[in-house]
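These notes are about the structure you will find just below.
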Amino acid sequence: MHSLRELQEDLALPCKELFKDGYHVLGNYRNKEKALEWQQKLKEEGFDIDIVEGDVCDFDSVGKMIQEIETRLGTVDILVNNAGITRDGRLAKMSLDDWHAVINTNLNSVFNCTRHVIEGMIERKFGRIINISSVNGQRGQFGQTNYSAAKAGIHGFTKPLPWKWRSMVLLSIQYRRGILQLIWLWRCLKKYVTKS
């Protein structure tokens with residue numbers, strides 16, 4: 001089990017690392033109160049991260065969010081898809097709502113966000129798309145049929161896309177949740193993220 005604080009640390013790491021490298025970083029949210037609390041905590045640590053509202057489960061909402069970002073701040077050069085929730089339960093008892101909630105948040109969001117930025121990246125001949133997955137997408141986990149299916153789907157989504165395509169890099173990262181492992185993975189990936 002992991003606390004909310006541990007999960008927030010995991011999800012904040014890509015933002016912190018990109019900020020340290022000089023990028024203008026934005027985090028997406030649906031819950032404004034929690035987002036402002038998260039933003040304030042990072043600001044106290046010295047990380048000035050912008051936040052923008054948008055429902056990554058909704059294709060049109062993502063389109064409006066990306067349009068707002070590009071109008072206000074400029075193009076999206078790096079996209080980190082790391083939206084994720086769990087609704088655990090045995091398959092025999094799993095509700096349709098719990099299935100759809102996890103698939104929409106953890107998998108459909110990857111399509112929604114990628115689809116709205118990839119054309120611009122191709123035109124500019126630069127882009128980085130990093131899809132955060134989980135080892136449970138390969139090995140599975142009891143009580144997480146929906147979560148494991150979504151994370152396996154991220155691998156399937158990424159594989160058909162060329163790893164290097166017109167100066168673009170598209171990666172699917174799977175990791176066992178834990179801040180130390182994510183720090184190690186992120187540092188290994190830095191050479192692929194940096195603009196060259």
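The values are calculated or read from the model by the stated rules, or taken from the named source; none is laboratory data. As the structure is a prediction and not an experimental result, all values here were calculated from the model. Here Cβ is always computed from backbone atoms with ideal geometry, including for glycine, and neighbour counts include all displayed protein chains.
Do the conditions hold for R115, that is, is it under 21 Å from R30 (Cα atoms), among the basic types (K, R) and at pLDDT 80 or above?
So R115 fits the description; yes.
Of the numbered conditions (1) loosely packed, with under 14 Cβ neighbours inside 10 Å; (2) in a helix (DSSP H, G or I); (3) out of contact with any Lys or Arg (no Cβ under 9 Å at 6 or more places or on another chain), N104 fails exactly one; give the number of that condition.
N104 satisfies every listed condition except (1).
Restricting attention to segment 126-151, which residues are out of contact with any strand residue (DSSP E or B) (no Cβ under 8 Å at 6 or more places or on another chain), of a type outside the set (S, T, N, Q) and at pLDDT 85 or above?
The answer is A149, A150.
Looking at (1) assigned to a helix (DSSP H, G or I); (2) in contact with a helix residue (DSSP H, G or I) (Cβ under 8 Å, 6 or more places away or on another chain); (3) polar (S, T, N, Q); (4) in contact (Cβ under 8 Å) with a residue 40 or more places away in the chain, which is the one condition that is false for S148?
(4)
Take D48 and tell me if it is part of a loop (DSSP other than H, G, I, E, B), touching a residue at least 12 places away in the same chain (Cβ under 8 Å) and more than 17 Å from N131 (Cα to Cα).
Details: part of a loop (DSSP other than H, G, I, E, B): yes; touching a residue at least 12 places away in the same chain (Cβ under 8 Å): yes; more than 17 Å from N131 (Cα to Cα): yes.
It is true that D48 is part of a loop (DSSP other than H, G, I, E, B), touching a residue at least 12 places away in the same chain (Cβ under 8 Å) and more than 17 Å from N131 (Cα to Cα).
Failed condition for A92, given (1) in a helix (DSSP H, G or I); (2) over 22 Å from L161 (Cβ atoms); (3) within 19 Å of the chain's Cα centre (by Cα); (4) among the aliphatic types (A, V, I, L, M), with all others met?
With respect to (1) in a helix (DSSP H, G or I); (2) over 22 Å from L161 (Cβ atoms); (3) within 19 Å of the chain's Cα centre (by Cα); (4) among the aliphatic types (A, V, I, L, M), A92 is out only on (3).
Are any residues in segment 66-84 in a loop (DSSP other than H, G, I, E, B) and farther than 12 Å from S109 by Cα, and if so, which ones?
L73, G74, T75, V76, D77
How many of the residues making up segment 95-120 are of a type in the set (F, W, Y) and under 15 Å from the mean Cα position of the chain (by Cα)?
Initially, segment 95-120 is screened for residues of a type in the set (F, W, Y), giving 99, 111.
From what is left, the residues that are under 15 Å from the mean Cα position of the chain (by Cα) are 111.
Final tally of qualifying residues: 1.
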